[in-house]
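Colleague: Below is the structure I would like to discuss, written out as C-alpha cells.
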Amino acid sequence: MRENTTSQGVLAVIVINWNNAPDTIKCLESLASWESLKPELYVVDNASTDDSLRRIEGRFSDIWIIRNNKNLGFAGGNNNGIKKAMENGSTEILLLNNDAKVEEADISRMLAHLRARPDIAVVGPRIRAGNTIMAGGCDIGHNPDTHIPWEPRMGIEGIKQVEYVPGTVFLVRRGAIEKVGLLDEDYFFSGEIADFCRRIYDAGMVCCVDLSAEAVHGVDRPSRMRNTLYAYYSARNRFLYVKKHAERKRIALYGMWIRYFLQDLAISIAHGDLARSRAIALALFDGVTGAYGDHNDRFIA
C-alpha cells in the first residue's frame, strides 16, 4: 500500500467503480500523482460485469480493491470502503466520484479546515460542472432543486456552512462516522449523503464548503439509465428522507411531493417518454408505500 505522509492523520480516498474502468483509472492516476498527501487509495467495485477489475488491477498494484458480489449502490459500496479504511486506521476519508477531478492543494486546504475546527464533520469544495458552479446543497425534503449555485458575491475564500455537501467530493472525519454511523443503505443511490449530513447536524456538528477549493465534475452524459434509474431513486428517496427527518410535516410534505411528481409524470407522458414515465410512477408508489433499497432489477435487464 502507499505510504501516507500526512503528519496529523491518515487520509483514505474511496472511489466506486461500476463498469467504468476508463474513468476510474483516470481518477486513480490523478490521485497517484499527488506529491505530499499520498493517501491510501480504495476502489470498491460494485459487481462490474465488464473487464474493469482486470484493467484496474493491471494498472495499479498499490491500492486496496474491494470486490462486492452484487451492486450495493452508492451507499453500500462506499460503506464497504469506509469500513475497510477505518479498519486500516484512516482518520479522514474522502469519497470521490470517478468522473470528478480535484487537485491535491484543494484537498490539503479542506483537510486543514477539518483538522483546525472540531465542529466541522464534513467539508467539500465548490463543484464546477460545465458552465455551472455549485456550492453545496439544501434540504432535499423541501426543495426540488437542492443545488446551491455559487455566485461571485460569495467570494472564493473562506468556509460556508451548508445543509449538505455533495457526495461528488466529500471529505469526512472518522469521528463523525463513529458518532452518527454509516450511510443509510435504504437510499441505495441518491439522498444518502443529504441524510448523513442531516444526522451530522442532529449530532451537533456542521457541514461546510471551502470556497477556496474547487473540483471539476464531468458533465452529465445523456443515458437511458440516467433517465430511468436516477429519476426513480431521486424521486423515491425524497419520501424516505421526509419519513426520517420531518415526521411532524410528513403528510404535508408527502402531499407536496406527490403533486410535484404527478406533474413530472404528466410531462413525461406528454413527451412520449414512457421509460421515464414508468420510473416516476414506480418511484411514487414505492416512496409512499416504503419500498426502499435496491430496485435496479426493474430497469436493468
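Colleague: Quick check on my filter: what residues within the stretch 30-80 are in a strand (DSSP E or B) and more than 27 Å from Y292 (Cβ to Cβ)?
Modeller: So the first thing to find is which residues in the stretch 30-80 are in a strand (DSSP E or B), and the list is 40-45, 64-67.
Once the filter is applied, which keeps residues that are in a strand (DSSP E or B) and more than 27 Å from Y292 (Cβ to Cβ), the stretch 30-80 yields E40, L41, W64, I65.
Colleague: (1) assigned to a helix (DSSP H, G or I); (2) buried (at least 16 other Cβ atoms within 10 Å of the Cβ); (3) over 16 Å from the mean Cα position of the chain (by Cα): which one isn't true of K83, the others all being true?
Modeller: Every listed condition holds for K83 apart from (2).
Colleague: Conditions first: (1) charged (D, E, K, R); (2) surrounded by 14 or more Cβ atoms within 10 Å (Cβ to Cβ); (3) free of Cβ contacts under 8 Å to residues at least 40 places away in the same chain; (4) within 24 Å of K70 (Cβ to Cβ). D294 passes all but one, so which condition is the exception?
Modeller: Against the list (1) charged (D, E, K, R); (2) surrounded by 14 or more Cβ atoms within 10 Å (Cβ to Cβ); (3) free of Cβ contacts under 8 Å to residues at least 40 places away in the same chain; (4) within 24 Å of K70 (Cβ to Cβ), D294 comes up short only on (3).
Colleague: Within the stretch 170-193, is there a residue that is closer than 28 Å to R276 by Cβ and hydroxyl-bearing (S, T, Y)?
Modeller: Among the residues of the stretch 170-193, at least one is closer than 28 Å to R276 by Cβ and hydroxyl-bearing (S, T, Y), which makes the answer yes.
Colleague: For the stretch 140-161, name all the residues that are under 19 Å from R198 (Cβ atoms), more than 15 Å from the chain's Cα centre (by Cα) and surrounded by fewer than 20 Cβ atoms within 10 Å (Cβ to Cβ). Steps first, please.
Modeller: Looking only at the stretch 140-161, we keep the residues that are under 19 Å from R198 (Cβ atoms), and these are 140-148, 160-161.
Retained after the next criterion (residues that are more than 15 Å from the chain's Cα centre (by Cα)): 141-145, 148, 160-161.
The answer is H142, N143, P144, D145, K160, Q161.
Colleague: Suppose we keep only residues that are free of Cβ contacts under 8 Å to residues at least 40 places away in the same chain and of a type in the set (D, E) within the stretch 228-279. Which one would you say is farthest from A291 (Cα to Cα)?
Modeller: That would be D264.
Colleague: Moving on. How about the stretch 116-151: which of its residues are of a type in the set (G, A, S) and farther than 23 Å from E92 by Cβ? Explain how you work it out, then say what you get.
Modeller: Step one: of the stretch 116-151, the residues of a type in the set (G, A, S) are 116, 121, 124, 129-130, 135-137, 141.
Selection gives A129, G130, G141.
Colleague: May I ask you to verify whether L72 is within 20 Å of D186 (Cα to Cα) and either buried (at least 19 other Cβ atoms within 10 Å of the Cβ) or polar (S, T, N, Q) (or both)? Let's see the steps before the verdict.
Modeller: Details: within 20 Å of D186 (Cα to Cα): yes; either buried (at least 19 other Cβ atoms within 10 Å of the Cβ) or polar (S, T, N, Q) (or both): yes.
Here the answer is yes, as L72 does meet what is asked.
Colleague: Which members of the stretch 97-140 meet the condition of being part of a loop (DSSP other than H, G, I, E, B) and under 17 Å from L37 (Cβ atoms)?
Modeller: Taking the stretch 97-140 first, the residues part of a loop (DSSP other than H, G, I, E, B) are 97-99, 103, 117-119, 130-131, 138-140.
Correct list: E103 only.
Colleague: For the stretch 201-237, how many residues are surrounded by fewer than 23 Cβ atoms within 10 Å (Cβ to Cβ), within 16 Å of the chain's Cα centre (by Cα) and part of a helix (DSSP H, G or I)?
Modeller: Count: 4.
Colleague: Consider L240 carefully, then state whether it is buried (at least 19 other Cβ atoms within 10 Å of the Cβ), more than 17 Å from F74 (Cα to Cα) and not assigned by TED's automatic domain parsing to the domain that holds R126. Break it down stepwise before answering.
Modeller: Numbers: buried (at least 19 other Cβ atoms within 10 Å of the Cβ): yes; more than 17 Å from F74 (Cα to Cα): no; not assigned by TED's automatic domain parsing to the domain that holds R126: yes.
So L240 does not fit the description; no.
Colleague: Of these, R173, R109, which one is assigned by TED's automatic domain parsing to the domain that holds N78, among the charged types (D, E, K, R) and buried (at least 21 other Cβ atoms within 10 Å of the Cβ)? Walk me through it before giving the result.
Modeller: Working: R109 fails: buried (at least 21 other Cβ atoms within 10 Å of the Cβ).
Exactly one residue qualifies, and that residue is R173.
The values are calculated or read from the model by the stated rules, or taken from the named source; none is laboratory data. These numbers come from a predicted model, not from an experiment. Cβ coordinates were reconstructed from backbone atoms using ideal geometry, including for glycine residues, and neighbour counts include every protein chain displayed.
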